[in-house]
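Remarks on the structure that follows.
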Amino acid sequence: MDKVKIGRTEISKDLFIFLVISVLLGMVAAVENTSLANRLYEDLDFTVMQRALLEAPRETPGLLSVVFIGMMNGLGDVRIAAVANILGGVGLIFFGLVPNNFGLVLLFLVVYSTGQHLYMPLSSTIAMTFAKGENFGQRLGQVQGLGSLSIIVSSGVLFLVYKLADVSYGTVFTMGGCAMLVAGALFILLGSKSEKIVSEKRFVLKKEYKMYYVLATINGARKQITLTFAPWLLITVFGQPVTTITALFFVVCVINIFFKPWFGGLIDRRGEVFALKLEAVVMFAACIGFTFAKSLLGAKAALMTVGFCYIIDKLMESAVMARATYVKRISKDPADVARTLTMGQSMDHVISVCLPVFAGYAWYTGGADGYMYVFAGGIVISVVNFVVAGKLKY
């Protein structure tokens, strides 16, 4: 097997290519997380209701990912990942370039989202094939930690560009889309050099994975409460510009360089139950802050509290590793893993498709304090998540 030497360490050429891909996709994540909400609000004048209405169709590809991946099953996971990133790159470029037309914005956001959601379950599966022994969490943490380093550099560059230059959102999203296209091309190279992961089954739905399916469904609600509405809270309620979101995201990524490898190791040492309970506790605390900071604290203290809550909540997105390693550990057939993660993703998107509309409506009709209803719902979700995590069995 071809080797690549990095300092004193030798790794396989395929792993090196995959790490480069992780760096490129870190750039894409930086663009989306720092700029998407602000483009909708500042550049396209979207209201919170329009933002919420985007989410159902944007999340629909996640709901259908089990069907799409099943249709492409014969390609193997690596080649499907190539298709996913090329498709997503095209969508991201055009999302950044289209004018203020709801239909066009929605169309290209859905194209990007389709590629993104096709790749999500495959990223963990492919990364775990490079693990040594049973240290799946450690390898996932290392790969994602490198991705976080990439996001740091990208976010730092974006912050400086937004501060010092009159750059358009179109330019930023074009750069992100090009990075995704290159990642897709590298997957084609990776696929030609490594063994393809091909499942004999297009779909996997088994009783032994039932607790994972429940966790995935809860995660669909958990991520929409904070992924969609926490940035909107900072932008609309606290009046923060794109540079604030970029700076917060930058802080998250700096911490994640160390946090993700640590959290991956924590999963291997303490188990998925502990890791997922920790996620629930942190989300509970974050949603308390999102809900009550503005009404209980002064303006500056409230903003600092919400910013802190945003950071700790983003850090706990690392818990996706625990759900993936749980499936890996209990699976009897390695080929089941990717298809099971895909099925779980489709289940979590049943909630992701519906929840934003109801949450957006609650915020919109609730007036100035409407956001409190949304994050109070997040408090309830975190409690349910804690209870379910305690019921996992190996």
Review point. Residues in region 348-370: is at least one free of Cβ contacts under 8 Å to residues at least 12 places away in the same chain and at positive phi?
Key: yes
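Name the residue that is nearest to the chain's Cα centre (by Cα), counting only residues in region 288-309 that are among the aromatic types (Phe, Trp, Tyr) and within 20 Å of residue 383 (Cα to Cα). Give the steps one after another, and end with the answer.
Filtering region 288-309 down to residues among the aromatic types (Phe, Trp, Tyr) leaves 290, 292, 308.
With within 20 Å of residue 383 (Cα to Cα) added as a condition, the list becomes 290, 292.
Numbers: 290: 20, 292: 26 Å.
So, considering only residues that are among the aromatic types (Phe, Trp, Tyr) and within 20 Å of residue 383 (Cα to Cα), the one nearest to the chain's Cα centre (by Cα) is 290.
Between 330, 312, which is under 26 Å from residue 213 (Cα atoms), open to solvent by 10 Å² or more (accessible area, probe 1.4 Å), within 19 Å of the chain's Cα centre (by Cα) and in contact (Cβ under 8 Å) with a residue 24 or more places away in the chain?
Details: 330 fails: within 19 Å of the chain's Cα centre (by Cα).
None of the other options fit; the residue is 312.
The values are calculated or read from the model by the stated rules, or taken from the named source; none is laboratory data. All values reported here derive from a predicted model rather than from experimental measurement. Using ideal geometry, Cβ is built from the backbone for each residue, glycine included, and neighbour counts are taken over all protein chains shown. What goes into the accessible areas is simple: the full protein's heavy atoms, side chains included, and nothing from ligands, DNA or RNA. Shrake-Rupley method; radii C 1.70, N 1.55, O 1.52, S 1.80 Å.
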